[in-house]
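K.L.:
Handing you a structure now.
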Amino acid sequence: MAKSANYKRKLPILSKLLLERSDEEHPISRQEMQEELERWGLSAERKSLYDDMEQLRELGLDVQSKRGRGGGWFIGQRDFELAELKLLVDAVQSSRFLTKRKSDALIRKLEGLTCVHQARQLQRQVYVDRRVKTMNESIFYNVDRLHGAIAANKMITFRYFEYNVNRERVFRREGSKYRLTPFGLIWDSENYYLAGWDELRKELRHYRVDKMADITITGMKGTPQGEWTAAGYARRHFGMYSGKPCQLRLRFKNSLAGVVIDRFGQDVSLVPDGEEHFTAALEVVVSPPLWGWLFGLGAGVEVLSPDWAVEEFKALLQTVWETYNSASEGVNFGQTGESPGAGGTQDGTSGEAGTGAV
């Protein structure tokens with residue numbers, strides 16, 4: 001009976017051996033297979049090994065053979081090609097929202113999807129300029145929990161925090177809980193954000209997932225999403241900052257057409273305006289990152305409307321000029337004073353004082 005029970009383990013043992021230790025450059029010889037089976041108290045004749053390999057093929061393993069000196073059997077095609085695993089490892093290593101410990105754990109699991117020889121090629125480091133890993137490992141599990149709440153259309157509660165200079169958590173609203181209907185998760189600017197309907201403030205807002213704590217899925221049904229989409233929401237929010245929504249009309253030099261299409265997609269409408277310019281009406285949320293993007297385009301772009309946005313941009317330019325030219329009278333760009341949009345925040349909370357992200 002013991003021998004019969006051991007014999008049933010023969011195929012799993014051979015399968016594990018091939019998956020973990022073989023590839024085209026490192027086939028497993030008949031002698032190596034026999035030695036492995038003997039460790040388990042099993043003997044294997046030459047003919048029976050050929051039968052075993054055929055059974056493994058019937059079970060779905062791509063068992064290939066290599067003849068001649070140094071030949072044997074190996075696994076050909078796997079679920080993941082080595083190039084695909086390298087790409088996944090690079091993505092995990094460079095993901096800011098994963099802690100170093102979680103990144104290392106995920107990479108070890110990815111190494112288990114190939115043989116030991118190819119796994120050595122996955123043990124590499126990807127350098128990303130000034131990459132800072134998150135300090136909050138719970139984000140990995142929070143994302144899974146939030147996906148569950150979204151699928152079930154259930155409200156959630158959570159607490160929200162920032163870090164002080166001592167890297168200590170400081171909870172907003174004195175630690176009281178937020179109540180939100182989660183609509184979708186957005187990965188933007190190397191961070192995960194949760195967007196949804198704030199049940200207390202009655203407006204759309206978004207929050208950094210790595211700054212959310214004590215997430216609880218309630219039994220209360222969530223507010224309907226309506227026509228809300230994650231893609232549209234992210235497209236309007238530069239850097240996921242909150243601010244005032246509007247249709248911003250801009251005039252660009254023709255050379256910037258590719259820049260506008262890259263940021264707003266192929267569907268953006270570009271209307272010719274003379275021989276050297278075009279205009280575009282963009283649905284955006286006006287915020288400091290938006291002004292920063294426009295400032296980076298220099299004289300190649302002009303804000304046309306609405307009037308309040310034109311004045312806000314002028315005020316921001318004036319403030320910047322005065323910062324670097326405080327000793328002189330400066331150049332009058334328009335309205336003076338601090339930009340009204342300077343109070344936006346990256347988590348959609350508007351510093352807990354302004355209008356929410358919509």
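The values are calculated or read from the model by the stated rules, or taken from the named source; none is laboratory data. Here the structure is a predicted model, which means the values were calculated and not measured. With ideal geometry, Cβ positions are generated from the backbone for all residues, glycine too; neighbour counts draw on all protein chains shown. SASA here: full protein model, heavy atoms, side chains in, ligands and nucleic acids out. Shrake-Rupley method; radii C 1.70, N 1.55, O 1.52, S 1.80 Å.
K.L.:
Going by what's in this entry, would V358 be described as surrounded by fewer than 12 Cβ atoms within 10 Å (Cβ to Cβ), at pLDDT below 90, in a loop (DSSP other than H, G, I, E, B) and among the β-branched types (V, I, T)?
P.N.:
Values: surrounded by fewer than 12 Cβ atoms within 10 Å (Cβ to Cβ): no; at pLDDT below 90: yes; in a loop (DSSP other than H, G, I, E, B): yes; among the β-branched types (V, I, T): yes.
It is false that V358 is surrounded by fewer than 12 Cβ atoms within 10 Å (Cβ to Cβ), at pLDDT below 90, in a loop (DSSP other than H, G, I, E, B) and among the β-branched types (V, I, T).
K.L.:
Among the candidates D214, D210, single out the residue that is under 29 Å from T157 (Cβ atoms), among the charged types (D, E, K, R) and assigned to a strand (DSSP E or B). I'd like the intermediate steps shown before the answer.
P.N.:
Values: D210 fails: assigned to a strand (DSSP E or B).
Testing whether each residue is under 29 Å from T157 (Cβ atoms), among the charged types (D, E, K, R) and assigned to a strand (DSSP E or B) leaves just D214.
K.L.:
I would also like to ask the following. Condition first: hydrophobic (A, V, I, L, M, F, W, C) and buried (at least 17 other Cβ atoms within 10 Å of the Cβ). Now tell me which residues in segment 231-245 satisfy that. It would help to see each step written out before you state the result.
P.N.:
Going residue by residue through segment 231-245, those that are hydrophobic (A, V, I, L, M, F, W, C) are 231, 234, 238, 240.
Within segment 231-245, A234, F238, M240 qualify.
K.L.:
Here's a follow-up. Being modelled with pLDDT of 95 or more and either among the small types (G, A, S) or not in a helix (DSSP H, G or I) (or both) narrows it down to one residue among E283, E227, E275, E302; which is it? Explain how you work it out, then say what you get.
P.N.:
Details: E283 fails: modelled with pLDDT of 95 or more; E227 fails: modelled with pLDDT of 95 or more; E275 fails: modelled with pLDDT of 95 or more.
Matching residue, one of E283, E227, E275, E302: E302.
K.L.:
Oh, and also: Among the helices (runs of 4 or more DSSP H) confined wholly to segment 1-103, which include 1 or more residues that are farther than 30 Å from S138 by Cβ and within 29 Å of the chain's Cα centre (by Cα)?
P.N.:
Details: elements: 2-7, 10-21, 30-39, 46-58, 82-94.
Fully inside segment 1-103 and qualifying: 82-94.
K.L.:
Need the failing condition index for L180 against (1) farther than 27 Å from V92 by Cα; (2) in contact with a strand residue (DSSP E or B) (Cβ under 9 Å, 6 or more places away or on another chain); (3) part of a helix (DSSP H, G or I); (4) not hydroxyl-bearing (S, T, Y), just the number.
P.N.:
Result: L180 fails condition (3) only.
K.L.:
Still on this model: Given the conditions (1) surrounded by fewer than 17 Cβ atoms within 10 Å (Cβ to Cβ); (2) touching a Leu at 6+ places or on another chain (Cβ under 8 Å); (3) at pLDDT below 85, report the number of the one that F140 does not fulfil.
P.N.:
It fails just one condition, (1).
K.L.:
Is it the case that segment 268-281 has a residue that's open to solvent by less than 70 Å² (accessible area, probe 1.4 Å) and under 25 Å from the mean Cα position of the chain (by Cα)?
P.N.:
yes
K.L.:
Take the conditions at pLDDT 95 or above, more than 17 Å from F97 (Cα to Cα) and touching a Leu at 6+ places or on another chain (Cβ under 8 Å) and apply them to R179. Does it pass? Working first, answer last.
P.N.:
Values: at pLDDT 95 or above: yes; more than 17 Å from F97 (Cα to Cα): yes; touching a Leu at 6+ places or on another chain (Cβ under 8 Å): yes.
The answer is yes for R179.
K.L.:
When only residues in segment 246-260 that are part of a helix (DSSP H, G or I) and more than 14 Å from L294 (Cα to Cα) count, which is least open to solvent (accessible area, probe 1.4 Å)?
P.N.:
If we take residues in segment 246-260 being part of a helix (DSSP H, G or I) and more than 14 Å from L294 (Cα to Cα), then G258 is least open to solvent (accessible area, probe 1.4 Å).
K.L.:
Name the residues in segment 204-230 that are surrounded by 14 or more Cβ atoms within 10 Å (Cβ to Cβ) and under 16 Å from V285 (Cβ atoms), would you?
P.N.:
Passing the criteria: L204, R205, H206, Y207, W228, A230.
K.L.:
Continuing with this model, one more query. Going through G265, G196 one at a time, which residue ends up being open to solvent by less than 40 Å² (accessible area, probe 1.4 Å) and touching a Leu at 6+ places or on another chain (Cβ under 7 Å)? First the steps, then the outcome.
P.N.:
Working: G265 fails: touching a Leu at 6+ places or on another chain (Cβ under 7 Å).
The unique qualifying residue is G196.
K.L.:
Working only within segment 160-181, note down all residues that are loosely packed, with under 10 Cβ neighbours inside 10 Å and of a type outside the set (V, I, T).
P.N.:
Of all residues in segment 160-181, those loosely packed, with under 10 Cβ neighbours inside 10 Å come to 164-168, 174.
Result: N164, N166, R167, E168, E174.
K.L.:
Just one of (1) without any contact (Cβ under 8 Å) to a residue 24 or more places away in the chain; (2) more than 30 Å from K211 (Cα to Cα) trips up H117, so point out which.
P.N.:
(1) is the only condition that H117 fails.
K.L.:
Return a yes/no flag: does segment 163-174 have any residue that is within 23 Å of W228 (Cβ to Cβ) and in a strand (DSSP E or B). Full working, then the answer.
P.N.:
Restricting attention to segment 163-174, the residues satisfying the condition of being within 23 Å of W228 (Cβ to Cβ) are none.
For segment 163-174, residues within 23 Å of W228 (Cβ to Cβ) and in a strand (DSSP E or B): absent.
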